[in-house]
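To start, the structure under review is shown below, and the notes come after it.
Coordinate-derived values only; no laboratory data. Please read these numbers as outputs of a predicted model, since none were measured by experiment. Neighbour counts are summed over all protein chains in view; Cβ atoms, including those assigned to glycine, are modelled from backbone coordinates with ideal geometry.
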Amino acid sequence: MSSGEPTLHLVCGKIAAGKSTLVNELGRLPGAIVVREDYWLARLYPGEQNNLADYVRNSMRLRSAMAAHLVDLLRSGLSIVLDFPANTPSSRAWMRTLFEGAGCAHRLHYLDVPDEVCRARLRRRNASGAHEFTVSDDDFDRFTAHFVPPGADEGFDVVTHRP
């Protein structure tokens with residue numbers, strides 16, 4: 001990949017695996033912008049993120065509204081660090097439409113972090129109050145039950161990160 005080629009960076013990992021921390025690092029790459037799902041969800045749907053069903057509904061609405069704009073940004077030569085969880089085959093399929101539609105490179109950054117590490121980080125994050133959403137241990141379990149690591153059959157350019 002040449003340094004000037006626009007790239008869509010995707011992140012995959014359980015809650016509190018370190019996706020946002022990695023996004024911050026990737027966002028410092030030349031010509032890159034960060035687009036954060038939690039930022040937009042918290043502002044567009046305040047008080048409407050109370051369970052998994054709310055998240056799925058609101059995330060789908062946001063993705064539908066932003067897709068063409070994200071493709072346009074990539075086509076304009078910008079790289080995007082997409083801070084949306086690429087945690088299921090269906091979410092990754094949507095993300096594939098973005099880089100394929102823009103005709104650009106991609107990297108799927110997979111954070112392979114054990115549950116106990118994620119839970120400890122989640123408790124610290126919740127205590128700090130720095131994140132848009134507080135996530136309980138029960139919520140962690142509900143979301144993690146739907147988590148599917150990327151498979152070779154999906155054909156992504158995967159970069160694995162481990163603690």
Rounded to the nearest 500, what is the chain's calculated 222 nm mean residue ellipticity when only DSSP H runs of at least 4 contribute -39500 (n - 2.57) each, over all residues?
-14500 deg cm²/dmol
Ordering of 49-62, 87-100 by burial proxy (mean other Cβ atoms within 10 Å per residue, highest first)
87-100, 49-62
Inverse of <1/r> over all distinct C-alpha pairs of the chain, i.e. the Kirkwood Rh in Å, gives 16.2
Rounding to the nearest 20 debye, state how big the charge dipole of the range 7-161 is about its Cα centre with +1 on each Lys and Arg Cβ and -1 on each Asp and Glu Cβ.
320
Cβ-based exposure ranking for His69, His109, His161, in which fewest neighbours within 10 Å come first
His69, His161, His109
Count the DSSP beta bridges whose two residues both fall in the chain, then state the antiparallel fraction as a percent rounded to the nearest 5.
0
What is the order of Cys12, Cys104, fewest Cβ neighbours within 10 Å to most?
Cys104, Cys12
